[in-house]
1. So which GluC sites (Glu not before Pro) in segment 66-175 are both in a DSSP loop and have at most 16 other Cβ atoms within 10 Å of their Cβ?
2. So what's the angle, to the nearest 10 degrees on a 0 to 90 scale, between helix 242-263 and the longest Cα principal axis of the chain?
3. Contact order normalised by length for the chain, with contacts defined as Cα pairs under 8 Å and 6 or more residues apart; what percent is it?
4. So for the chain: antiparallel DSSP bridges make up what percent, rounded to the nearest 5?
5. A 22 angstrom limit on the alpha carbon distance is what I want to check against. Which of LYS28/LYS248; LYS113/LYS205; LYS205/LYS305 exceed it?
6. Are there trypsin sites (Lys or Arg not before Pro) in segment 207-239 that DSSP marks as loop and that have at most 14 other Cβ atoms within 10 Å, and which are they?
7. What translational diffusion coefficient, in µm²/s and rounded to a whole number, does the Stokes-Einstein relation yield for segment 14-109 at 20 °C and a viscosity of 1.002 mPa s, taking the hydrodynamic radius as the Kirkwood radius over Cα pairs?
8. Dividing the convex hull volume of the Cα atoms of the chain by its residue count, what figure in Å³ per residue is obtained?
Amino acid sequence: MLNKTKCLEKLNLPTPFIVGPVNIYLIKGDALTLVDTGPKTKEATEVLVEALKQHGYSVNDIDQIILTHHHPDHAGLIEDVFPNATVIGHKKCQPWLKKEKHFLTFVENYIAKFYSEHGVSDEIVDEMVTKNRYYLSFTGNRGLDINVCEGDKIDGVQGWTVIETPGHAQSHISLYNEKDGLLIGGDHIIEHISSNALLEPPYVKGESRPQTLLQYRDSLQKCLNLNIRKVFSGHGKNVENIEVLLNKRFQEQEEKAKRLKLMLPKEGITSFDLCKSYFAHIYKKEPTLTMSEIIGHLDLLEDRKIIETVNSNGKTFYTCKGN
Ligand SMILES: [Zn+2]
């Protein structure tokens with residue numbers, strides 16, 4: 001039986017983001033492993049160095065880093081603080097971490113076109129692109145050394161298996177310890193907030209965008225089907241009863257979808273106009289998060305054939321089926 005107090009330590013680091021502090025994990029296996037690193041900030045680096053010191057280590061002792069996903073609060077310090085550690089993650093982290101120019105240009109162009117079609121004003125689209133660049137500035141500029149995918153075991157962290165949990169991010173993986181019923185869940189499962197199934201462009205040009213909320217729900221269901229008795233989350237407390245929490249999340253999604261359906265006028269509406277009504281007080285401040293929420297739940301209704309989209313004058317309108 002894994003002795004958690006000896007083998008797995010939670011370190012809590014500050015972030016400059018709305019989500020608050022991030023949890024990263026130290027696994028003391030055959031290799032000294034960090035799961036996630038915190039953002040690229042002076043404050044996070046200082047807290048991390050001190051936390052490692054308290055466990056008797058320095059940054060140079062870290063053999064490898066496993067990234068749950070590419071977001072800056074999780075993947076920030078791979079370049080500057082751990083230049084010699086092996087970096088491991090899902091291959092979809094790669095273009096973000098290496099800041100591949102052609103990929104990031106494609107992302108920005110996709111965002112601009114997509115949100116414009118969904119009725120977002122040019123001014124807010126520009127803000128979304130700018131904010132995206134700002135977030136990216138908190139990740140290290142360094143690629144992965146090892147790609148992992150569903151079912152992989154990672155050398156040096158005996159007992160943990162990679163499971164793919166896309167939805168919050170396309171690159172998202174979790175680490176599952178079947179024997180002890182544990183999951184290191186990154187941003188996939190968080191107790192105090194519902195994870196946002198952030199919209200992302202397709203990774204391959206010409207493919208359709210992933211329907212991130214549907215994916216996210218599949219990844220939640222996948223976890224319900226496993227023997228998980230405790231989740232070590234990327235933010236907040238450990239989750240002790242995932243069945244209760246995840247069923248609550250499913251319920252919240254159903255209620256949100258129901259509310260949105262009732263808000264659809266007969267003549268149709270763009271997702272941005274819906275977003276302005278639904279998130280009246282925060283859509284301006286958090287356009288990417290709120291639009292991801294709205295489109296995700298519209299995807300859910302569309303997938304169930306309750307609503308449909310109509311394209312007119314270069315814009316996408318949502319309407320109840322049969323109107
Ligand atoms: Zn995240």
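The values are calculated or read from the model by the stated rules, or taken from the named source; none is laboratory data. Small disclaimer: the values here were computed from a predicted structure and weren't measured. Backbone-built Cβ (ideal geometry, glycine too); neighbour counts: all protein chains shown. The area values use the complete protein model at the heavy-atom level, side chains included, leaving out ligands, DNA and RNA. Shrake-Rupley method; radii C 1.70, N 1.55, O 1.52, S 1.80 Å.
1. On the way: sites: GLU79, GLU100, GLU108, GLU117, GLU123, GLU127, GLU150, GLU164; in loops: GLU79, GLU100, GLU150.
Those satisfying the criteria are GLU100, GLU150.
2. Helix 242-263 sits at roughly 20 degrees to that axis.
3. Numbers: 611 pairs, mean separation 47.0, N = 323.
Once divided by the residue count of the chain, the mean separation gives 15 percent.
4. Details: 26 of 38 bridges.
Here the antiparallel bridges make up roughly 70 percent for the chain.
5. Working: LYS28/LYS248 34 Å; LYS113/LYS205 14 Å; LYS205/LYS305 27 Å.
Beyond 22 Å: LYS28/LYS248; LYS205/LYS305.
6. Numbers: sites: ARG217, LYS222, ARG229, LYS230, LYS237; in loops: ARG229, LYS237.
Hits after loop and neighbour filter: ARG229, LYS237.
7. Details: Rh = 13.9 Å.
Estimated diffusion coefficient is 154 µm²/s.
8. That works out to 128 Å³ per residue.
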